[in-house]
Structures are given as C-alpha cells and as structure tokens.
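Q: Here it is, the structure, as structure tokens.
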Amino acid sequence: MTLDATIARVTDRIRARSEGPRGDYLARMQAAADAGPARAHLSCGNQAHAYAAMGEDKDKLAGERAPNVGIVTAYNDMLSAHQPFETFPQTIKAALREVGATAQVAGGVPAMCDGVTQGQPGMDLSLFSRDVIAMAAAVALSHNTFDAALYLGVCDKIVPGLIMAAATFGHIPAIFIPAGPMTTGLPNDEKAKVRQQFAAGEVGRDALMAAEMASYHGPGTCTFYGTANTNQMLMEFMGLHLPGASFVNPNTPLRDALTVAGAKRAAEITALGNDYRPASEVLDEKAFVNGMVGLMATGGSTNHVLHLPAMARAAGIVLDLEDFDEISSVVPLMAKVYPNGLADVNHFHAAGGLQFMIRHLLDAGLLHEDAKTVAGDGLTRYTQEPKITEDGLVWEEADPESQNEKILRKPADPFQKTGGLKQLEGNLGRGVIKVSAVAPERHVIEAPVRVFKEQHEVKDAFKAGEFTSDTIVVVRFQGPKANGMPELHSLTPTLAVLQDRGLKVALVTDGRMSGASGKVPAAIHVSPEAADGGPLAKLQDGDMVRLDATTGELTCLSEGFESRAPVEPDLSGNQFGLGRELFGAFRTHVGPSTKGASVVL
C-alpha cells in the first residue's frame, strides 16, 4: 500500500526540521561505533575491576570477542509492573551463555509509581524522574564494556527515560524486555464507579479500598490503557520489542521464552556479528512517526505528547505539537480499551492486539513498513505473533480478523475517524486535549472559569457545594518550572461527578493528566506555563473561556484579558519535603512542555 500523503508529509517535515541536530547525532554515533568493541581499549586493570565478580564468565569477558550485554534494570518489588524483573538477569545470563556470550547487570534505575504518589507531594518528582532515569542509565553504561544493552522497564517515566539513554548510547544495539500486564481483576469501569461514589460521599473508604485492591491485585502492569501500557505499544510500533512481546502476562512460559529470545537476539545484532543494528539506526524519523501513529490508533496516553519529543531529541530529532495533531487527523481510532472503553489490555490482546493493528495500519498506508527494527528489516515482522510449539518459540502470522469488534476494529470501520488528540492554540497558549473518550457533545465548552492554584482546592470547593453551574476549572502553576508538572488525575472522579450531574465542565491546566484520564474534557500541558509568566497567570474567576476541540481553540473571551499583568504566586510550599528540595535545579532549568519538559536535553 502506498504511504498516506499526510504521514509522508509529516515525516518529511520532521526530517527537514531535524537535519542539523540529527546529522550531528549520527556523526557522533558513527565515531563511537568506529572505535570498535569497547573492551579492546580498556587497560588490564580496568578489565580486572569489571570482571572480578563474574565467576565462570571471566574468560569469555577477558577474551574480548564474545558479545557482552549490559542489563539496565528498573526492578523493585514495590511496583507490580517491575517486580517480575527480579529473576530476569539470571534468565538472561543463562540464555547468553548458551550462545557463547555474556551479560552483566550494568546498573539499576529508579522507578516510582504514579499510582502511589497520585495527588501526593511525591508526584512533584514524577516527571523529573524520567531525566534521572536517563542519567542513571548513562552512568550504568559509561563503563564502556558493553556490545549491546537490554533495558528492563515498563511504567510511565521509566521507558521514556531508558529510551533517552538508549539513544544517547545509540552506537550499540538496544532491546527492551517487558514484564507484561497483570491478569484481569475487578473491571476498570466498576473501580471507576466506586471512586465516583466515594468522591460523592455515597460509599465509605472501606468500599473504596476493597475495589482498589481487587483491581490492582498481582504482578504485572496495571491493566487499563494508561501511560505504562502505551509505553509497551510504542516499543513494539517503534521496533524495540520482539514482535508480540508487549502484552504477555508475567510468570508464564511464553513470557519466559520471549525474555530468552530477546537476550539471544541482543547478542546477534552487535557489531561483532553480521547483523549490526545500533539503536541510532532503529530510532529514526520513521520510528517516531510510527510511534505517533500507534498512539493515535490506540487512544494512548497524553503523557507521550511530552515523552516522545524528549525521546526524539535524544536521537537528534525534533518533534512538534503540529506533528501529533496532523497525524491524529488521518489515523482512525481502532481500539476501545479503558478508559476509552470497557476492555482492559488483556481483552485487547486477546482480540488481536498490536499484531492486528499493525497489519491493518500497514495495509492502509499509515505506517512506514520500511523501518529498521531489532527483529529485522520491515515492520511486517510485527504482524506475527509468538507461540510455543513442540519446536519451541516460533512466530506465526496473526489472525487478520478482530476477535471482538467491540474492542478492536479495522481502519475502514473505526470507533472514530481520527485519533482523538487535538492541538489547542489561542490567547491562553498552546496545549493538547484527548477526546477519544469524551462524548462529542462535550467537545466544545464555553463557560466562566474558577481559578485554583492547587488540586486540593478544587476538591475542597466541590465538598463545599460551590459548583452549581457550568464551569471551566483552571488549575495553574502546575507546570514543570512551578512544581515539576504532577499529574492531576485525582481530579477526574470529582469532575466526572459534576459532569454526571448535568453540568458542562472542563479542566484547563499547565499540568498533566494521567494516561487514565477519560471522559471529562481537559486542556493540558498549556504552555507557556503560568510560572513562566504564561497567559494562564492572567485569568480571573468569572472570565469566559472557550475550549473547542473541533477547531483547536483555547481562548479567553473576556475584554481586557491580554493587557493584564500575570499573577506572581508564592510557590515556597512545593519546593521542600519528600525530596523536592533536591530538585530545585531541575525546576530552574527545565524546558517547556512543548519540547518535552526535559532538563537534560
């Protein structure tokens, strides 16, 4: 199928925009690759330090010609998604010994859980943890003793941070090894209903706790289609997973077989062999466009409007909000997964999952087939699904038909004709809105605003019964410079209750919403942020604001608005406590959300 004209145009625009930084990046990666296998340049003393504890692998490591794979792991046993990684290093080392190679755990990276810190002070570190993860992975790989890297990570900021590191060390191959989603528990819509009942005071905390524990109940990724599972989709669409690896449950024979296969594949694609596939060549413009297509087709997390530009910049590629908007305009929404539907990711995978989607997006000309991936040349490989047969792990063509059209549909008969992500612009700045789960009659909201500085103030006003008419809730000073740009997902039940009462409500913020945000219209990532003197700092209670997701308008309609001086708030309350004092330099030097809100790029 001929490549869609819009996809081709956006790709060409990205390539032209990125010509300078991408050229410089590739030159650096080529110079690093030309230096040859790293261990050949280490002194005997350097090598002795590196191999001292490696036991039976010492001779292979000292011999210099056997591939040595560095493992960068986000393991901890507080995150259900990362707990399965505890045993992966031993599995990987054993698999590589079978093919005459070695592996070492190069280092660990922090992995915080937004589900634990949601609505708490610790969430102020969440977005910044992405850049810390990138730096921690760089420290791990800086020993310069590895011919390839395996990255063990799943959740919200972990995968983007690891991608930033993989691109920075792009002269060596990179394969991402997932742990998979937890098995299905309490349905997400039932959990959401209990959350709303609790917010409305209809049930007690005991009922809320029981629902939450029944939903988040075992090892693996949370089963809704939030940022973590969107990460897994991206790794497959961008060719950094093995085909079909994303949504296989932990602690199953297929999951283990895919981990072994990923380890062995890493050894095959080093510069020591005949199929060298450095990360710098996989992470090109086509890969990032394919990732954006996947984001739109699946109704993925808005957090990736921040993460993808930061990931791309690490590879010398410059993305802009207009790229997301234009791709969204031609990519249909093919999946209905909570919060965009009732199904969870296990149901989505069973219905045909990513293999179904990639096949039909390729057929529709909406993906670059000629992409370089860790599995080989061409994205068609990712229409195959892994299976265990009597011959071991094999890949077979996946069924081209959806197994459940309430969950998964072909591009010709989508749930929506567009991807549901819209760029917003106006005298309030630039931002984005995700409308894939928002009812069409709520795509345009024009109402007076109530202005808040903190999300808890919104909840207090709700409990006091202050919302009795149509309202646009503005929560400002939530951007990266103000307080690290925490997610405001804990507002979702409150705003959903107001909406269910028949009010027209919306959220406008320079902060983030979760990948689990859903049916309430939310203009997010508004830039310039209020703490940087952005227009949100000029708003006053009662101002009329128009949020139009059909035309992409975000405008204050009140006379004299633009001539006002911005408010200068006291932000001292969010600069200290629970580690926030250590991130002052991050808040000072962070870039705007439109460029990925990164400190290091």
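Q: Find out how many positive minus negative residues lie around LEU127, taking Lys and Arg as positive, Asp and Glu as negative, among other residues whose Cβ is under 10 Å from that of LEU127.
A: With Lys, Arg at +1 and Asp, Glu at -1, the neighbours total -2.
Q: Note down the accessible area of ARG277, probe 1.4 Å, to the nearest 10 Å².
A: About 20 Å², rounded to the nearest 10.
Q: Take the residue pairs LYS434/LYS595; LYS417/LYS538; LYS372/LYS417; LYS422/LYS463; LYS372/LYS406 and return only those whose Cα atoms are more than 27 Å apart.
A: Violating the 27 Å Cα-Cα cut-off are LYS417/LYS538; LYS372/LYS417; LYS422/LYS463; LYS372/LYS406.
Q: Summing Lys, Arg as +1 and Asp, Glu as -1, what charge do residues with Cβ under 12 Å from the Cβ of ASP57 carry, ASP57 excluded?
A: Once all neighbours under 12 Å are counted, the net charge is +2.
Q: What list of ³J(HN,Hα) values in whole Hz, one per residue of the stretch 126-136 in order, does the Karplus curve 6.51 cos²θ - 1.76 cosθ + 1.60 (θ = phi - 60°) give from phi, with Gly and Pro shown as x?
A: Once rounded to whole Hz, the list reads 4, 5, 5, 4, 4, 6, 5, 4, 4, 5, 5.
Q: Follow-up question, since we're still on this one. Would you grab the residues whose amide H sits under 5 Å from the one on ALA148? Only those 5+ places off in sequence or on another chain, please, with H modelled 1.01 Å from N.
A: ASN68, GLY70
Q: Report the local net charge at PRO448: Lys and Arg +1, Asp and Glu -1, summed over other residues whose C-beta lies under 12 Å from its C-beta.
A: Net of charged neighbours comes to -1.
Q: Can you tell me which of 557-565, 192-200, 418-426 comes out highest on packing, and rank the rest after it, using the mean Cβ neighbours within 10 Å?
A: 418-426, 192-200, 557-565
Q: Right, something else. If DNA, RNA and ligands are ignored and the probe is 1.4 Å, what is the ranking of ARG476, ARG512, ARG313, ARG442 by accessible area, most exposed first? Before the final figure, lay out the partial values.
A: Numbers: ARG476 25, ARG512 0, ARG313 85, ARG442 65 Å².
Descending accessible area places them as ARG313, ARG442, ARG476, ARG512.
Q: When we measure straight from the Cα of LYS58, which aspartates and glutamates land under 17 angstrom away, once same-chain ones fewer than 8 places off are left out?
A: Straight-distance partners of LYS58: GLU98, ASP147.
Q: Around LEU3, which amide H atoms from residues at least 5 apart in sequence, or from another chain, sit under 5 Å from its own amide H, with H modelled in the peptide plane?
A: Amide H neighbours of LEU3: none.
Q: For the chain, which whole-number percentage of the solvent-accessible area (1.4 Å probe, protein heavy atoms only) is attributable to carbon and sulfur atoms?
A: Values: 11360 of 21830 Å².
For the chain, the apolar C and S fraction of the accessible surface comes to 52 percent.
Q: Would you mind working out the accessible area per residue for the chain, using a 1.4 Å probe, and quoting it in Å²?
A: 36
Q: Going highest first, how would you order 21-32, 257-268, 289-300 by mean Cβ packing within 10 Å?
A: Order by mean packing, descending: 289-300, 257-268, 21-32.
Q: Could the peptides 80-87, 249-256 be put in order, highest first, of the mean number of other beta-carbon atoms found within 10 Å of their residues?
A: 80-87, 249-256
Q: To the nearest 10 degrees, how steeply does helix 205-215 sit against the main Cα axis of the chain, on a 0 to 90 scale?
A: Its long axis makes an angle of about 30 degrees.
Q: Mind listing the phi-derived Karplus ³J(HN,Hα) values for the stretch 273-279, rounded to whole Hz, using 6.51, -1.76 and 1.60 with θ = phi - 60°, and x for any glycine or proline?
A: Those phi angles translate into x, 9, 9, 5, 9, x, 4 Hz.
Q: Can you list residues from other chains, or at least 5 along the same chain, whose modelled amide H is less than 5 Å from the amide H of LEU424?
A: Residues meeting the amide H criterion: GLY431, VAL432, ILE433.
Q: Karplus couplings for the stretch 492-499 from phi (6.51 cos²θ - 1.76 cosθ + 1.60, θ = phi - 60°), rounded to Hz, Gly and Pro as x?
A: Per residue, the Karplus-derived 3J(HN,Hα) values read 4, x, 4, 5, 5, 4, 4, 5 Hz.
Q: Okay, next question. Angle between the Cα long axis of helix 5-17 and the longest principal axis of the chain, 0 to 90 degrees, nearest 10?
A: Here the helix axis deviates by roughly 80 degrees.
The values are calculated or read from the model by the stated rules, or taken from the named source; none is laboratory data. In this text, all values refer to a predicted model and were calculated from it rather than measured experimentally. Cβ coordinates were reconstructed from backbone atoms using ideal geometry, including for glycine residues, and neighbour counts include every protein chain displayed. Protein only, heavy atoms only, side chains kept; ligands, DNA and RNA dropped before computing areas. Shrake-Rupley method; radii C 1.70, N 1.55, O 1.52, S 1.80 Å.
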